[in-house]
Amino acid sequence: MASSKRRQPSLAQLRAFAAVAEHLHFRDAAAAIGMSQPALSGAVSALEEVLGVTLLERTTRKVLLSPAGERLAVRAKAVLDEVGALLEEAEAVRAPFTGALRLGVIPTVAPYLLPAVLRLVHEKYPDLDLQVHEEQTSSLLDGLAAGRLDLLLLAVPLGVPGVTELPLFDEDFVLVTPLDHWLGGREGIPREALRELRLLLLDEGHCLRDQALDICREAGRADAPVTTTAAGLSTLVQLVAGGLGVTLLPRTALAVETSRSSQLLTGFFEDPAPTRRIALAMRTGAARGAEYEELAGALREAVHSLPVRVL
């Protein structure tokens with residue numbers, strides 16, 4: 001109990017001592033922190049009294065740090081540095097779109113939407129320190145819950161308690177086939193055609209795989225049409241180009257992924273085409289919630305040039 005009642009040094013005392021420790025001269029130290037020399041000397045004396053140690057060896061010609069002063073000067077500087085960081089962080093909180101924003105993105109969105117996101121942040125929010133983490137959905141949700149991530153960009157609905165979704169847009173899926181496939185280049189493809197196709201999918205853990213399987217089930221396909229899988233869309237499309245089967249791609253990925261091979265054709269489903277919804281997700285009641293909602297609105301504007309239906 002005695003330690004809880006011990007007197008605490010003030011920031012002014014620590015700042016005075018740190019200045020003297022740096023300059024080893026009362027007049028120069030006082031000028032550096034904007035204090036009068038008597039006030040500075042009094043603050044250091046008061047700190048010595050509070051701590052119960054002699055910090056300085058005063059002579060008529062110069063100021064020296066005592067052995068205790070040398071040790072405690074390092075601590076005093078560290079405390080003042082942390083207080084400075086605290087004030088900077090508080091300033092960032094008061095000023096929207098400043099400081100760090102840790103954004104988690106799923107792999108089937110990151111390559112196709114990040115150019116628009118990064119351009120928006122660069123042009124509209126130049127003081128925002130955007131930090132991007134590409135992970136699968138389950139890892140992103142864990143990071144959001146643990147406070148490791150601030151905001152997510154991913155496919156919804158999530159159905160996770162404590163997570164608020166800010167929908168951005170819907171996009172259609174298209175069918176990517178080899179050149180010689182009977183559905184290649186066709187429009188108005190009925191979903192039922194998926195019942196008989198050799199469909200190539202992403203590995204387990206990717207939400208796009210689950211969405212593709214849901215589309216197949218909706219088309220009346222009972223079995224899991226998986227014989228070959230890939231870790232990413234680029235590999236998946238190359239497998240299609242090699243004739244191993246067909247795959248489903250979201251429209252935002254189409255231009256990037258199909259441009260890598262001349263051995264591909266694209267088929268389009270009849271309305272209503274299978275779709276996915278992309279949203280930002282945040283912790284419900286997040287302190288920066290108003291900021292994130294404004295960012296969602298700005299993102300909706302930024303993606304108008306993409307083949308999506310903005311919400």
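Overview of results
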{"read-out": "Given (1) more than 28 Å from Arg102 (Cβ to Cβ); (2) touching a strand residue (DSSP E or B) at 6+ places or on another chain (Cβ under 9 Å), index of the condition Ser261 fails", "value": "(2)"}
{"read-out": "The lone exception for Glu294 - which of (1) surrounded by fewer than 18 Cβ atoms within 10 Å (Cβ to Cβ); (2) among the acidic types (Asp, Glu); (3) touching a strand residue (DSSP E or B) at 6+ places or on another chain (Cβ under 9 Å) it fails", "value": "(3)"}
{"read-out": "Filter result (out of contact with any strand residue (DSSP E or B) (no Cβ under 7 Å at 6 or more places or on another chain) and either open to solvent by less than 10 Å² (accessible area, probe 1.4 Å) or part of a loop (DSSP other than H, G, I, E, B) (or both)) within the range 183-203", "value": "Glu187, Gly188, Pro190, Leu194"}
{"read-out": "Number of the exception - Leu254 against (1) modelled with pLDDT of 90 or more; (2) under 15 Å from Asp210 (Cα atoms)", "value": "(2)"}
{"read-out": "Checking Ile106 against (1) touching a helix residue (DSSP H, G or I) at 6+ places or on another chain (Cβ under 9 Å); (2) under 16 Å from Gln13 (Cα atoms), the condition it does not meet", "value": "(2)"}
{"read-out": "Test for Ala18: is it at pLDDT 90 or above and either assigned to a helix (DSSP H, G or I) or among the aliphatic types (A, V, I, L, M) (or both)", "value": "yes"}
{"read-out": "Options Leu40, Leu47, Leu72; residue that is surrounded by 16 or more Cβ atoms within 10 Å (Cβ to Cβ), touching a Pro at 6+ places or on another chain (Cβ under 6 Å) and assigned to a helix (DSSP H, G or I)", "value": "Leu47"}
{"read-out": "Conditions (1) at pLDDT 90 or above; (2) surrounded by fewer than 18 Cβ atoms within 10 Å (Cβ to Cβ): number failed by Asp28", "value": "(1)"}
{"read-out": "Filter pass, Thr59 being more than 15 Å from Ala19 (Cα to Cα), of a type outside the set (A, V, I, L, M) and surrounded by fewer than 16 Cβ atoms within 10 Å (Cβ to Cβ)", "value": "yes"}
{"read-out": "Any hit, the range 58-78, residues being of a type in the set (D, E, K, R) and in contact with a Gly (Cβ under 9 Å, 6 or more places away or on another chain)", "value": "no"}
{"read-out": "Options Ala286, Ala241: the member that is of a type outside the set (D, E, K, R), farther than 23 Å from Leu140 by Cα and either open to solvent by less than 50 Å² (accessible area, probe 1.4 Å) or more than 25 Å from the chain's Cα centre (by Cα) (or both)", "value": "Ala241"}
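Residue-by-condition table, conditions (1) outside any helix (DSSP H, G or I); (2) at positive phi; (3) open to solvent by 40 Å² or more (accessible area, probe 1.4 Å):
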position	(1), (2), (3)
Asp210	no, no, yes
Ile215	no, no, no
Ser234	no, no, yes
Thr247	yes, no, no
Leu254	no, no, no
Ser262	yes, no, yes
Leu265	yes, no, yes
Ala273	yes, no, no
Arg276	yes, no, no
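The values are calculated or read from the model by the stated rules, or taken from the named source; none is laboratory data. What you see is a predicted model, and the numbers here were worked out from it, not measured in a lab. When we count neighbours, we look across all protein chains shown, and the Cβ atoms used for this are built from the backbone with ideal geometry, even at glycine. Heads up: the accessible areas ignore ligands, DNA and RNA and are worked out on the full protein's heavy atoms, side chains in. Shrake-Rupley method; radii C 1.70, N 1.55, O 1.52, S 1.80 Å.
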